[in-house]
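To keep things clear, I will list the structure first and then write my remarks on it.
Just so it is clear, none of the values below were taken in a lab; they were calculated from the coordinates. As the structure is a computational prediction, the values presented were derived from the model and not from experiment. All Cβ positions, even for glycine, are placed from backbone atoms using ideal geometry, and neighbour counts span all protein chains on display.
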């Protein structure tokens, strides 16, 4: 176990973006599998592999690199010496700026990977964004309070990603629900009729 931890430490220090991408793609895929198998109870025969693959691609290309970079950035920007004051400020900045932005990136990125039109993406945002953001505010401030206060900076992305498995399952399910709602919308029906 200590050699695995040493490899992780080496990679997080020397190849951070690649490491963030790999861990996020794994955690996002796992979250989607949990969503499909435990929440939606699709069974392995009904498992939507392309949906899991979209989560993998998003985690590797956007989620991991952006979140990993964000942790370094917020640590450099907030230089308050008092640990608890710095933690509260970091959580506040994270929730005010990063949470709304990363949720929008997720919804937009997944919509692009699904091949959605601009209008369909807009409708998905209208149906799901506010609800997702409000649920984010019920979960992430507590996770980030723990992470910023107690976890050394180099381990924050992996700890945060571990908590993110449950969140990724939720996001995958939220996205699926918005797709179901979209399928009954006039925009989707018109687009399907053109094909």
Using only the alpha-carbon atoms, how far is helix 16-34 inclined from the longest principal axis of the chain? Give it as 0 to 90 degrees, nearest 10.
50
How much length, in nm to one decimal, is gained on full extension between residue 150 and residue 50, taken as 0.36 nm per residue of separation minus their Cα-Cα distance?
32.3 nm
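Hey, fewest Cβ within 10 Å first, where do 151, 80 land in order?
Neighbour counts put them in this order, fewest first: 80, 151.
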Angle in degrees between helix 83-93 and the longest Cα principal axis of the chain, rounded to the nearest 10
20
Rounded to two decimals, the Rg over Rh value of the chain from Cα coordinates and the Kirkwood Rh reads 1.01
Normalised Cα Rg of segment 64-149, dividing by 2.2 N^0.38 Å with N its residue count, works out at 1.26
So how tilted is helix 156-183 from the main axis of the chain? Cα-based, degrees 0 to 90, rounded to 10.
10
What's the extension gain from residue 162 to residue 73 if we count 0.36 nm per residue and subtract their Cα-Cα distance?
30.0 nm
Stretch residue 42-residue 61 to full length: gain in nm at 0.36 nm per residue minus the Cα-Cα span?
4.1 nm
Going fewest to most other Cβ atoms within 10 Å around each Cβ, 39, 110 line up as 39, 110
Fewest Cβ neighbours within 10 Å first, please rank 28, 55, 22, 134 accordingly.
134, 22, 55, 28
